[in-house]
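Read-outs throughout are calculated quantities, based only on the coordinates presented, and are distinct from any laboratory measurement. Since we're looking at a predicted model, the values are computed, not measured. Heads up, the Cβs are rebuilt from the backbone with ideal geometry, glycines too, and the neighbour counts pull from every protein chain shown.
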Amino acid sequence: MDENISTLKGIGLTMYEAQAYVTLTSLISATADEVSQNSGIPRSKIYDVLKKLNEKHFLEIEEGRPLTYNVKSPVEVLTREKEQLNSKIDDTITRLTYVYENGMSQVQAPIWRIYGIEKIIAQELEIIKRAKNSINMRIGFLFENEGEQLVKALKNRNDLKINILASPTCYINNEEINIIKLFKENDINIQKADIPFVKLIISDSREMMHTYTKFSEDKREVIPETAIGIWNKYEDIARNYDERFMNQLKKLKNKKKKK
């Protein structure tokens, strides 16, 4: 199937409507017979198809004998459709997130194990997106491409109070990664700390995720297939860990002041 037709079907046009519009973008202006001949749409169907496209504001009809169908610019048409689709998606996200979070609060044991680096990183990014007030992180290591994704997600949340405690460096593919520099050069609040080989993210003192992994014999590289995330939505536990995090942060700040 033509990629353009596939895309147009994806935004709600029928196969015939998509074929007719794509054909008209090359003809610019044409009669129903001309559209039928060039698109392969049966003549018995073409008038109804063009009428529907007019109703959806993909073309304009010029009076005459016969009628002339003038295509509307793809920039105008598809930009409009994109904006409408984005608006619908945003509304759906809002509605379903409310349902989701309400459902999560009813779960008896809100603790899940997450396997696989991609899924673990995706969950970290979701936690950041859902946060309303704060994100606190302890970073003892990073997975491949994880640092860049975390930086991008955190830079988009200027409305949050963000605190990160991290080991100075880690190794990915035998390359030393300066964790502190990666976040600092993107204006994200991070401080050097003595962090073990674990990772922790806490959102709003309400949810958190611990990430664990085994390391190579020299303790430099993570073994990706062993990675596991423990996502926890027990608020009492998350609040307890958040308090411990803030106490550690406070002690580090006091040490710096004394120096």
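Descriptive notes on the structure:
- The structure-derived value of volume of the Cα convex hull per residue in Å³ appears in the list [x] 144; [y] 191; [z] 120 under the label [y].
- Restricting region 118-170 to GluC sites (Glu not before Pro) in coil, as DSSP defines it, with at most 16 other Cβ within 10 Å: Glu144
- Dipole moment magnitude, nearest 20 debye, the chain about Cα centre, only Lys, Arg, Asp, Glu C-beta charged: 1780 debye
- Per residue of the chain, the DSSP helices (runs of n ≥ 4 H) give a summed -39500 (n - 2.57) that works out to -16000 deg cm²/dmol at 222 nm.
- Once you reduce region 103-182 and region 1-42 to the center of their Cα atoms, the two points are 46 Å from each other.
- Think of region 109-259 as having a plus end and a minus end, set by charges on the Cβ of Lys, Arg, Asp and Glu; of Thr213, Tyr241, Gly229, Tyr241 sits farthest toward the positive end of this dipole.
- Pairs from the table (Lys132/Lys152; Lys88/Lys155; Lys192/Lys256; Lys119/Lys214; Lys132/Lys253) lying more than 22 angstrom apart at Cα are Lys88/Lys155; Lys132/Lys253.
- Neighbourhood charge, 13 Å Cβ-Cβ cut-off, centred on Pro196 and excluding it, Lys, Arg +1 and Asp, Glu -1: +2
- Over all other residues within a Cβ to Cβ distance under 15 Å of Leu27, the charged ones net out to -3, with Lys and Arg as +1 and Asp and Glu as -1.
- Counting neighbouring beta carbons within 10 Å and listing from fewest to most, the residues Lys45, Lys255 come out as Lys255, Lys45.
- Tilt relative to the chain, helix 146-155 - C-alpha long axis, 0 to 90 degrees, to 10: 80 degrees
- Among beta bridges that DSSP assigns inside the chain, antiparallel share in %, nearest 5: 80 percent
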